[in-house]
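Colleague: Here you go, one structure.
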Amino acid sequence: DWVKMENVIRLGIRFLDDVLDASSYTLQENQLSAQNSRRIGIGVMGLAEYLFSKKIRYGSQESLREIERVMKFIRDTAYDESVNLSIEKGSFPKFESIQYGKAHFIRTLPAIARLRIKENGIRNCTTMAIAPTGTISLLPDVTSAIEPLFSKAYRRDDRVGSRVYVHPIYKSLLESGEPCPDWMVDTSDLTAQDHLSVQAVCGSMCDAGVSKTINCPKGTTANDLSKLLL
């Protein structure tokens, strides 16, 4: 539902911008730094669930194209709303049109977005950040951030207690006796390259930090890791 997602993104940008003003800062230096750049970071969770709904295997070329499409939509909507806020409330205090326009990430934005920023400024220095959303994602019962499904079925032990999680799709497959389809994957089914490819696509569409675990199989050597990182 692209229309609903757009509305949620725009509301999220406005909410996070308001949080900067509503927050209480212990040190004046922290408040000054936060206000000067007005950095915010709207993120995601449940990306793997989205791929499940489309029956696309996480890490595949098809998934990378779909993830890029989604992340680009989030990026463009977030920047558009931050410009709208700039028109209403003014740009972040340290905004300099020429220097901001030269930034590598800004030069990857659509031409219409760069033109709007040049003409109207922008409210927030950055608008996106992909946080881990690990424990938080347990509340809506979806996969965390841009991670794949951790495990089709597992027991979690923490300070709250011990609980068993079985993914609804996997549960229905067990009950029906159907084989697990190729697109129904968890971390044990994926290569380190699958993880890295997803991170790379999301990183190219995100102006701040990207949290991503790259699970490597037992026996991975320092040389293997070096090749992967390079």
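The values are calculated or read from the model by the stated rules, or taken from the named source; none is laboratory data. Nothing here was measured: the structure is a model prediction, and the numbers come from that model. Cβ placement follows ideal geometry from the backbone for every residue including glycine, while neighbour counts extend to all protein chains displayed. We work out accessible area using only protein heavy atoms, side chains counted, and drop any ligands, DNA or RNA first. Shrake-Rupley method; radii C 1.70, N 1.55, O 1.52, S 1.80 Å.
Colleague: Starting from region 113-215, pick out the trypsin sites (Lys or Arg not before Pro) whose DSSP state is loop and whose Cβ has at most 15 other Cβ atoms within 10 Å.
Modeller: Passing sites in region 113-215 are Arg159.
Colleague: Kindly provide the Kirkwood hydrodynamic radius of region 83-160 in Å, to one decimal, from all pairs of distinct alpha carbon atoms.
Modeller: Hydrodynamic radius (Kirkwood, Cα only) of region 83-160 equals 15.7 Å.
Colleague: Any idea which of Gln35, Ser24, Leu190 is furthest toward the positive side of the dipole for the chain, if Lys and Arg beta-carbons carry +1 and Asp and Glu beta-carbons -1?
Modeller: Positive-end residue among those listed: Gln35.
Colleague: Which log10 I(q)/I(0) values does region 106-230 give at q = 0.09, 0.10 Å⁻¹ under the Debye formula, counting every alpha carbon as one identical point scatterer?
Modeller: Debye output, listed in q order: -0.41, -0.50.
Colleague: In the structure displayed, which of Lys54/Lys89; Lys4/Lys89; Lys72/Lys227; Lys72/Lys218 lie more than 32 Å apart, Cα to Cα?
Modeller: Lys54/Lys89; Lys72/Lys218
Colleague: Dividing the alpha-carbon Rg of region 1-88 by 2.2 N^0.38 Å yields what?
Modeller: Ratio of Cα Rg to 2.2 N^0.38 Å: 1.37.
Colleague: Return the whole-Å distance between the Cα centroid of region 60-76 and the Cα centroid of region 129-183.
Modeller: 22 Å
Colleague: Continuing with the same structure: Using a Gaussian network model of the chain with C-alpha springs under 10 Å, which one of Ile74, Ile42, Ile169 is most mobile by mean-square fluctuation?
Modeller: Ile169
Colleague: Can you list the chymotrypsin sites (Phe, Trp or Tyr not before Pro) in region 1-78 that are in a DSSP coil and have 16 or fewer other beta carbons within 10 angstrom?
Modeller: Sparse-neighbourhood loop chymotrypsin sites (Phe, Trp or Tyr not before Pro): Tyr25.
Colleague: What distance in nm separates the two pseudo spin-label positions at Glu175 and Asp224, each 7 Å out from Cα along the beta-carbon direction?
Modeller: Once both label points are built, they end up 3.8 nm from each other.
Colleague: Go ahead and set up a Gaussian network model of the chain, Cα springs under 10 Å, then flag whichever of Ala22, Ala192, Ala153 fluctuates most.
Modeller: Ala22
Colleague: Starting from the residue with the highest accessible area, list Cys180, Cys202 in decreasing order, probe 1.4 Å.
Modeller: Cys180, Cys202
Colleague: Three principal axis extents, largest first, for the C-alpha atoms of region 135-204, in Å?
Modeller: Per principal axis, max minus min of the Cα coordinates gives 37, 35, 19 Å.
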